[in-house]
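The structure under discussion appears below in the form of structure tokens.
Read-outs: derived from the displayed coordinates by stated rules, not from any lab. This is a predicted model, so every value here is computed, not measured. Cβ sites come from the backbone with ideal geometry, for glycine too, and all protein chains shown count toward neighbours.
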Amino acid sequence: MHNLTIKQMNEKLHSGEITSVQLTQHYLDRISQYDGDLNAFVTVTPELAISMAEAADQKIAAGDAELLTGIPIAHKDIFCTDGVKTSCGSKMLDNFIAPYDAHVVTLLNKIGMPILGKTNMDEFAMGSSSESSYYGPTKNPWDHKAVPGGSSGGSAAVIAAGLAPLATGTDTGGSVRQPASFCGITGIKPTYGAVSRFGIIAYASSFDQAGPLTRSAEDSAWMLNAMAGFDERDSTSLEREKTDYTAELGQSLKGLRIGVPAEYFGEGLDPEVEAAIRTAITEVGNLGGEVVEVHLPNKDLAVPAYYVLAPAEASANLSRYDGVRFGYRCDQPQDLEDLYKRSRSEGFGEEVKRRIMVGAYALSAGYYDAYYVKAQQLRRMVRDDFTKAFESCDVIMGPVAPTSAFNIGEKSDDQVSMYLNDLYTIPVNLAGLPALSVPAGFANNRPVGLHIVGPYFSEAKLLNIGHQFQQITDWHKQMPAQYQ
Amino acid sequence: MSWEVVIGLEIHTQLTTKSKIFSGASTAYGAAPNSQACAIDAGMPGMLPVLNHAVLGKSIMLGLALDAELGMRSVFDRKNYFYPDSPKGYQTTQMDFPIVGQGQLEIELEDGSKKVIGVTRAHLEEDAGKSVHGIVPGQTGIDLNRSGTPLLEIVSDPDMSSAKEAVAYAKKMHELVQYLGICDGNMQEGSFRVDSNVSVRRPGEPLGTRAELKNINSFKFIEKAIEIEIERQIELIESGGKVVQETRLYDSEKDVTRSMRTKEEANDYRYFPCPDLLPVIITEADVEAVRVVMPELPDAKRARFVSEFNLSDYDAAVLTGSRAMAEFFETVVALTDAKDPKLCANWATSGFSAALNRDGLSIENAPVSAEMLAGMISRLIDNSISGKIAKQVFDAMWQGEGSADEIIESKGLKQITDTGAIEALVDDVLANNPNQVEAYKGGQEKMMGYFVGQIMKASGGQANPGQVNKLLMAKLKA
Amino acid sequence: MSLGKTEVEYISRLAQIEVREEEVDGVAAKLSNILDLFTQMEAADTRGVEPMSHPLDAVQRFRADVVTEVDQHEKLQAIAPSVTQAHYLVPQVIE
């Protein structure tokens, strides 16, 4: 059952060939079988999943169902789920039972998607490997010595290993696309503001966007339809006419101008990754498009700018974790300062503490102009690079990451080296543009993802390009042998 | 050795909205602890702010009343600091781009002179929760009901040079915000909070270090606190010491200011634009929409009462003490066709106000409405009742016995104005009291009072006193 | 950019995160590493460039001034570490 596409699952559910309860139980069984080793889940919710599946079956029987009704889902543990532990991968929230649902969760619950559980992640979404989780690293299903990527590593692993057909993630500097790339699956970060952030535990507010992790571009399109849309409870949620992200699926790519930045293929890019990506670009080009060279001259400034801005926003967003109203509180606080300092030092992991401190420093008197304001200026310059590039191309393609998945433990001591891995994904978050990652081959026996970036609101086009690519390749159909 | 005093005031006004500035929780005062602190107000994970539209109109209105520049594009910033009554660990406020810019307010001092005090800016921000002591020994209780209540912080230029000027400014602002209906001015409940920044310097020298006086909730104590603080600073400097920049509280029992026991130096608030909120744009149309509903301001109203109704400055000042009283008065005048505004003023400021005070009522819930009072005053104006009877009628109305006309009718209080009837009464009394008439004719003019008394008694108090006097005089002289 | 003990103590206070004596050097080194990344920004010519806070040029939306929330203190406080008489408790704050 885990090899079916979403469309096929939908057909079988509606024909009565399978029930949602059966489908859900199938995945719960696989989770029991494989997750002890993989560690992709923080919390598995079997009773909830089955009861939601039963309700979904009723909806289907009553003819009241949508495409995704009855199809189970795993949520990154950053989405608040009412009555269910929501840890954000942190000891700080190890005891946090959310008293409300995130907007995305409300939407998917309404459709009737049984929740299998909450997936592992880098603590507070700060990381590119899922190693900083309080609950230990998740393994890459393709190679258990490797990281699955981060911060949505749990969700990506779950899809790659067939432990759920669909999963949610969030992407602040690449955290949906990079794990998708490392795990050989599909993921998309939509235009900033397309999906509501209400109820998603905030890391960096002007960067965070939720997106689907799936087995195919088509599945992602269906998921994005369900997830996206205006939410009046989020001031940064865009008020636009509802978009059908599947509307361009099947359209010809004739005339597509594919921009390839000269700056992308330089030092630091693994030759096997480069080879896979160049091949993939050529294959897309063969579908009717032409490759055009473009320039993103400020590309190298994106990473430093991001590591000023995201930690700065995070330093304020994480001030609410103080041991007073929820979450971890230190033992026997002596006075107020002791309560704050010990609760936060004991509750947060090292990387989170580092980023909070860097962020606070970048905002502090004397450094605000040199760091924060400067980074905001660079942000505009990076965005303007894309705007200019899109004058001569329709989409920009390249690698998602300079390498395939590295080993667990390999980079944990060298933060800056880990940060530099995000050089392709980060500029997209600075600009707020949509971007897709689809599997495009292997490097060193570990998956490689093709990055497709488009202008604001071009998700449907991106998804179609991914979909067309997936008609002529079968990377996305592959699964590690042990999980088949 | 002369000293110059420099005072600036920061006034936090709670805006009269029903819901919070960034959430849909209620702002009503006095609710059970934490019953009006929703997840957004409590700074729970994943919660986001959305701006309450009503704060815009109120801010614009203040800006117009202060003749101020308006911040057509204003931005919310985060002010970062840790304190238990601030659940997010930052306060959302406006730093560089406030909604109201430079304006001014003219104050009147005791000697009648006027001074213009500059207002640097007014900006929107969210209020914090409250700390409560004594629930559990050694612990402080936090009630977040107040967290998220909209505040408009009004910052003055450091233009005041004495405690009296500062209080005059504070009182004027207090009157203004209530007149505009943007703040209820309740200092006891914390709706209107005045922080005073006080420093001293020798003439010609740069500004001295200032101390901030907080948590004083009456004008009387604000004045005393500022005065005592000025003395303290002067004494300190004259004896070789230095003023420390700090927050001080006022101890009204000992009449001293005390330093607040905060451990650290000046906070580095690390202001930056709040990424959960977007720039706030107000348009000319928005401003016009407020302009057309601007109420008449107190100074203009006072001037008009003097010129239009021929009232004294004093009466005008009393009647404009609150917008409610001013509107009450004008309604009564209008309903009596402005035939005797002075009479309306007298009734409003004495009889009506006295009854309100006695029973602890406000104009809104007074048993006598403007319509009812106007009804009674009309009967005074048309001589149906005398002033003395009117007091009776008023008391009866206050007790809920009906309208003036209904009471006059049912109690038979209509004044006797018929000349013939009064003449008959006068003749009667004079005929029945020959000795007193003798006495009067013999020079005892005090007998007038006796005769009037008898006539009024005979008429059950209903004879028109003026006519009684006139006819009595005529008969006695005859 | 190299951070010393004073800076680390200052940051620790701003962020309310404890850094113990024996940890200071290690933390200073790691933070300095990250701050070195920022030096790359210095050379960039940003004259005349408007800082960008939000990716899109959107402006703030409003909500109507209506009370929509009900009393949920029981639900919200069920997960609180220390509550008495509906008040959140912290070690005494002296003013």
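Descriptive notes on the structure:
- Shape of region B:428-473, Cα gyration tensor, a/c cut at 1.5: prolate
- Estimated distance in nm for a label pair at B:A431 and A:A370, the labels positioned 7 Å out from Cα along Cα-to-Cβ: 11.2 nm
- With a Förster radius of 25 Å applied to the C-beta separation of B:K220 and B:E4, the computed FRET efficiency comes to 0.50.
- Shape category assigned to chain C from the gyration tensor of Cα positions, a/c cut at 1.5: oblate
- Average other protein chain Cβ within 10 Å of Cβ, residues A:346-352: 1
- Approximating the spin labels as points 7 Å out from Cα along Cα→Cβ, the B:M260-to-C:V59 distance works out to 3.6 nm.
- Two-site label geometry, B:E205 and A:D29: point separation in nm, points 7 Å out along Cα→Cβ: 8.8 nm
- Between 0 and 90 degrees, the angle of helix B:54-65 with respect to the longest Cα principal axis of chain B falls at about 70 degrees.
- Three principal axis lengths of chain A [C-alpha, angstrom, descending]: 63, 53, 44
- Quotient of C-alpha Rg and 2.2 N^0.38 Å, computed over region B:400-478: 1.26
- With respect to chain B, whose longest principal axis is taken over its alpha-carbon atoms, helix B:447-458 is tilted by about 90°.
- Using a Förster distance of 30 Å, the FRET efficiency for C:K75-A:D64 (Cβ separation, nearest 0.05): 0.50
- Among the trypsin sites (Lys or Arg not before Pro) in region B:218-290, those placed in a DSSP loop whose Cβ has at most 16 other Cβ atoms within 10 Å are B:K242, B:K254, B:R261, B:K263.
- Helix runs (DSSP H) in chain A reaching 18 Å along axis by Cα, Kyte-Doolittle at least -0.5: A:46-61, A:271-285, A:299-317, A:350-363, A:459-472
- With Cα atoms, 0 to 90° folded angle of helix B:370-381 axis to chain B main axis: 30 degrees
- Theoretical gain in end-to-end length, B:D96 to B:A421 [0.36 nm per residue, Cα-Cα removed]: 109.0 nm
- For chain C, built as a Gaussian network whose Cα springs stay under 10 Å, the top-fluctuating residue of C:E23, C:E69, C:E50: C:E69
- Cβ-derived FRET efficiency at R0 56 Å, B:S252 paired with C:R47, nearest 0.05: 0.50
- Rg over Rh [alpha-carbon atoms, Kirkwood Rh] for region A:104-191: 0.96
- Highest-first arrangement of A:465-472, A:154-161, where packing means the average Cβ count within 10 Å: A:154-161, A:465-472
- For region A:9-152, the Cβ-based charge dipole about the Cα centre amounts to some 180 debye (Lys, Arg positive; Asp, Glu negative; other atoms uncharged).
- Dipole axis of region B:89-140 (+1 Lys, Arg; -1 Asp, Glu on Cβ), positive-most option in B:V132, B:G118, B:G101: B:V132
- Taking the Cα centre of the protein assembly as shown as origin and assigning +1 to Lys and Arg Cβ atoms and -1 to Asp and Glu Cβ atoms, the resulting dipole is close to 1060 debye.
- Just so you know, the Cα atoms of region A:405-455 work out to an Rg and Dmax of 13.0, 36 Å.
- Helical contribution to [θ] at 222 nm, DSSP H n ≥ 4, -39,500 (n - 2.57), averaged over chain A, rounded to 500: -11500 deg cm²/dmol
- Legend: mean number of C-beta atoms from other chains within 10 angstrom of residue C-beta atoms, peptide A:166-178, equals 0.
- Euclidean distance between Cα centres, region B:354-433 to region B:180-221, Å: 48 Å
- Chain A, dipole about Cα centre (Lys/Arg Cβ +1, Asp/Glu Cβ -1), debye to the nearest 20: 220 debye
- Based on alpha carbons, the Rg and Dmax found for the protein assembly as shown are 37.6, 137 Å.
- Residue order, fewest to most surrounding Cβ atoms within 10 angstrom, among B:S23, A:S412, A:S220, A:S319: A:S412, A:S319, B:S23, A:S220
- Peptide A:226-238, shielding by other chains (average Cβ, 10 Å cutoff): 4
- Rounded if a/c under 1.5, otherwise prolate or oblate - chain B, Cα gyration tensor axes: prolate
- Loop-located GluC sites (Glu not before Pro) in region B:156-196 (DSSP state other than H, G, I, E, B) with a sparse environment of at most 15 neighbouring Cβ atoms within 10 Å: B:E189.
- Per-selection Kirkwood Rh - region A:223-345 (Cα, Å, 1 d.p.): 20.3 Å
- Leading residue at positive end of dipole, the protein assembly as shown (Cβ point charges), from B:T17, A:L378, C:H54: B:T17
- Calculated from the alpha-carbon coordinates, region B:17-99 shows an Rg and a Dmax of 14.5, 41 Å respectively.
- When the alpha carbon coordinates of region A:328-484 are projected onto the principal axes, the ranges are 65, 46, 26 Å, largest first.
- Over region B:346-435, equivalent-ellipsoid semi-axes from the Cα gyration tensor in Å: 32, 13, 11
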